[in-house]
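The values are calculated or read from the model by the stated rules, or taken from the named source; none is laboratory data. Only a predicted model underlies this, so the values are computations on that prediction, with no experimental measurement involved. Here Cβ is always computed from backbone atoms with ideal geometry, including for glycine, and neighbour counts include all displayed protein chains.
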């Protein structure tokens, strides 16, 4: 990219100590990446032995391929690549890696990795009996560089956390093995700064390094330079920036006669601050100096230059600092980042304008600097250079003089950009980098407001500030009278002086840079108003000398109306139209010399500039193009010619309008700014809330309107909103006369507060305020706002920082002496948002608030009280199980009366979370009640379970709901408190009814943090004497909603909390069986059939119409075609037979009852008391949901018949499925035939 050099006419500031000289200078803006000499890439063995790879020279931008180890070795270590630092903390490159070479020399050090990590090192014997030091209690290693026996003198430990500590270890004797006990010093060395690094403990700050020294040196005459921590020090390419008040410590350790001497001056071989141990401290560094250290080894006289510690040598150039800011559109960034950088998200269709200023901060430079250039390196692919710089002011040749450079960058992406600006300033051949060798000035609110005093000043007309320079806080579009005062030369500009002249008055923004820079800065965007030229004089003809002029509404209105170049300021209210957190009045005036102002006379509404020839001198061209009247008409024409703009100003005279055009053409001779700064604040915040479609935010409906905020008698409603739901929040920072936004009010960001405001907090988990960041651009904010919690809040927005220049002592250091009213009499009223009516003698408030009344218009602005509710209930766990053991995955259950057999039912365990739209969990949704009856924000909720229809008209369907604690146990107290929901029934005949119940708010307990755990048990009632066909019930879904509180969401105003449809599905069919335990009639031949075993079956009823055989697990019968064996019956989950005994007698006994099998089995034994054959009834004690007796609805057992026959007396087929004696059968048949 080509360099750009610009030559400009430079005008001299009007301050008394500056001579009227024009300087010519150039600004070189070069974006060339190849403006550096070739540099070397050096390989260092770093303690290894062998031959290092050769040194190679590269140019900036060349690609480097890293060499291999070239055969280097080091005892006890393996080669681990090449690193940019000797201790391995830099960038590591492996052989064959590539990188792009830069602009400075690079040394790559061999990186050595220990190959004995599992065994502690052999203890070191140090010179002078010093004890070697180790760090790391788990794997002791010596931290340092060089061969093992060279490690006694020093090491550095940087792997630490701020505020932490590091334990230092040493070996207890000279013999060491892996199990050796490690003793510690008596003290821990905490992470520290500014210490001699040999004692402890100390405290360390972020970014600090810990340097530990052992005062012993080996006999190899090696030395170590250790730079101790210096506050605010920054390491950049082996250079350090030293700031005011910093101390530099440089230490050298040596113990032989050939000590290495350290010199701090290229011309004078001194040893400042030398100590007995060879160390010294050099404390004489000031900002702007540089320091090299030099060494002379073994007594030689030649000095070898070593590391550059800091830069800017004495007399190399004037001490300078820099500042910068950038803007895109209306958004200005005032960064404090050092080095300078561009950060943020930007539009790609508009350039970023970057302004850089260089300021002279020296006390003793008064010579002209013949040349100056600013070299800007080409930015990354995220930004591209779009235009040359523009110079605005003179080369900084005296104290506090400065120049500006401005250039454009075009964003190449809408993603976040964080790009450093690499800029080098060269003065007279000496170069320094902005943010490195050249420090940042600071600016805006970080700088004390200290303007140069001059011929004029602006004073407040408020009674409270009479005779003081204080300027009060102003409000957008609220005009307030002010005074322009004139002061005499030679009086430090404190004595009034009567003059008659013309002055131009405007308001400028000084937020971005030092006031004296801002006052002289003509860059676009600095002025908040047009420059209004006012006749400063008295009498009918305005040419009588005066020392003070009251600028009231009428005077300013006349001047504005006669201004042919007005663009921004059309009315006196517009003079305060633009908000600014740091504004000042700027006065422009003209004179041929400091003691000779522009002089004029008026005759017949014509104005003659008496000293016109001296004013215009040889100037033929206006500073900027202006609009000037054509002759005596009101028609305007653009011109840059003084002769056209000023016409006959020096002869027959021109009109007031023409006079303003003339002075605007000639402006810029002298500027002076008000001696106090002030804030221009908005009137109030008008907030309005809109509901918006969450996937298409362009679809919106109003929740609040002007009747709620922003009108006379506006009244705020109680709002009901959904938690975690993005509402569109529009905030206008209004002006004094209407609700339009205040341009200039731009913040990054400010917090809007949802202030917790409930009736009680006893059972609420989260009583904190919630904030949402608000970004204002030119007085308007349009954002998404939400609260991830339920509760009652007051939503409001206050800004107490915008007026800091008027309300914060730290920004009012210039309020000293007799000319300022002493603090704490601030320039606005603290803790108040009041804005006085126009013409009031009282101060405006310092706070901008959304809870405010405009005293001028009676418009009311309100905060909003709101209650947030869950947007949805989400099922986080929905488990369906059946039976005694809560078996999951089983598809049947026996019908059983829940009142007596609740455990034999369908169990639905459901965990429900009250959630926001964005899935946030709402810990405040709790309904526990305290002594006063207050819960938090849970309400009774309607609960339901979807199920398919019942087919039988004979079956009631019953369900019970229990609240569970955190361990899953039923809360019995709630069952007792709310018995109704534990015995709910769908009556027989109601075939389509589904379980619906109201869950009390109290079930939402505080400890569950907005979660609810329910167990619902469901089943059909069972009649012992009436068997029914199976019911196949499909449990489809779980439903919960709360219709008690409606809120605005989804573009409707009566939304209520409902179940999240994506999580409530159950979708499982459960077969409800009418079951029994049963045994067929048992016939036994004694003793042939011993043992006399009976099979006890579990059966399901299914018969005739309504019997769906496909829902049965088996098609087998026992002795009744209506009953089918349940081959899936599990006795531990579905019930069992607990005892079998003879009814009414005890002659048949039982043994070996097996209740774990299906079928179950029992052995019978008859004592032959009544002989043979013997028939009896056996009782089966069984689970009551398996009892069936068609003749006795109160039966408690099932029965079966048992018959015992003597061998030879019976033939036929036993009920036990065994065949009797064949011969006996034949006899019986013959008898029958006979």
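Scanning segment 38-58 for residues that are at positive phi and under 45 Å from the mean Cα position of the chain (by Cα) turns up just one, 46.
Name the one entry in 627, 666, 636, 659 that is touching a residue at least 60 places away in the same chain (Cβ under 8 Å), in contact with a strand residue (DSSP E or B) (Cβ under 8 Å, 6 or more places away or on another chain) and more than 23 Å from residue 587 (Cβ to Cβ). So the residue among 627, 666, 636, 659 that is touching a residue at least 60 places away in the same chain (Cβ under 8 Å), in contact with a strand residue (DSSP E or B) (Cβ under 8 Å, 6 or more places away or on another chain) and more than 23 Å from residue 587 (Cβ to Cβ) is 636. Suppose the filter is closer than 25 Å to residue 887 by Cβ and part of a loop (DSSP other than H, G, I, E, B); does residue 1132 pass it? No: the conditions fail for residue 1132. Among the residues of segment 1203-1216, not a single one is loosely packed, with under 13 Cβ neighbours inside 10 Å and modelled with pLDDT of 50 or more. Looking across segment 810-820, just one residue is within 30 Å of the chain's Cα centre (by Cα) and free of Cβ contacts under 8 Å to residues at least 24 places away in the same chain, and that is 810. Determine, yes or no, whether residue 1010 is surrounded by 19 or more Cβ atoms within 10 Å (Cβ to Cβ), in contact with a strand residue (DSSP E or B) (Cβ under 6 Å, 6 or more places away or on another chain) and at positive phi. When the stated conditions are applied, residue 1010 passes them.
Counting only strands (runs of 3 or more DSSP E) that fall entirely inside segment 994-1113 and contain at least 1 residues that are in contact (Cβ under 8 Å) with a residue 60 or more places away in the chain and out of contact with any helix residue (DSSP H, G or I) (no Cβ under 8 Å at 6 or more places or on another chain), the qualifying elements are 1011-1020, 1031-1049, 1052-1059, 1065-1073, 1075-1078, 1082-1086, 1092-1101. Condition test on residue 1176, is it crowded, with 16+ Cβ neighbours inside 10 Å, touching a helix residue (DSSP H, G or I) at 6+ places or on another chain (Cβ under 6 Å) and outside the structural domain of residue 901 (by TED's automatic domain parsing)? No, not satisfied.
Against the condition under 55 Å from the mean Cα position of the chain (by Cα) and modelled with pLDDT of 85 or more, how does residue 578 come out, does it pass?
yes
Out of 925, 937, 917, I need the residue that is modelled with pLDDT under 90 and touching a strand residue (DSSP E or B) at 6+ places or on another chain (Cβ under 7 Å). Which one?
After ruling out the rest, the residue left standing is 937.
No other residue among 861, 894, 871 is crowded, with 17+ Cβ neighbours inside 10 Å, under 25 Å from residue 1060 (Cα atoms) and modelled with pLDDT of 95 or more apart from 871. In segment 370-474, counting only strands (runs of 3 or more DSSP E) that sit wholly within it, the ones holding 2 or more residues that are under 20 Å from residue 815 (Cβ atoms) and at pLDDT 70 or above span 456-460. For segment 542-568, which residues satisfy the criterion of being in contact with a strand residue (DSSP E or B) (Cβ under 7 Å, 6 or more places away or on another chain), buried (at least 16 other Cβ atoms within 10 Å of the Cβ) and not in a helix (DSSP H, G or I)? Passing the criteria: 542, 543, 546, 547, 549, 551, 563, 564, 565.
Only residues that are exposed (fewer than 13 other Cβ atoms within 10 Å of the Cβ) and modelled with pLDDT of 75 or more were counted in segment 597-618, giving 4.
Taken over segment 521-555, the criterion of being within 24 Å of residue 806 (Cα to Cα) and under 39 Å from the mean Cα position of the chain (by Cα) is satisfied by 521, 525, 526, 527, 528, 529. May I ask you to list the residues in segment 647-665 that are surrounded by fewer than 24 Cβ atoms within 10 Å (Cβ to Cβ) and farther than 16 Å from residue 566 by Cβ? Matches in segment 647-665: 647, 648, 650, 651, 652, 653.
Take the residues of segment 808-822 that are loosely packed, with under 13 Cβ neighbours inside 10 Å and within 17 Å of residue 846 (Cα to Cα): which is modelled with the highest pLDDT? Within segment 808-822, the match that is modelled with the highest pLDDT is 809.
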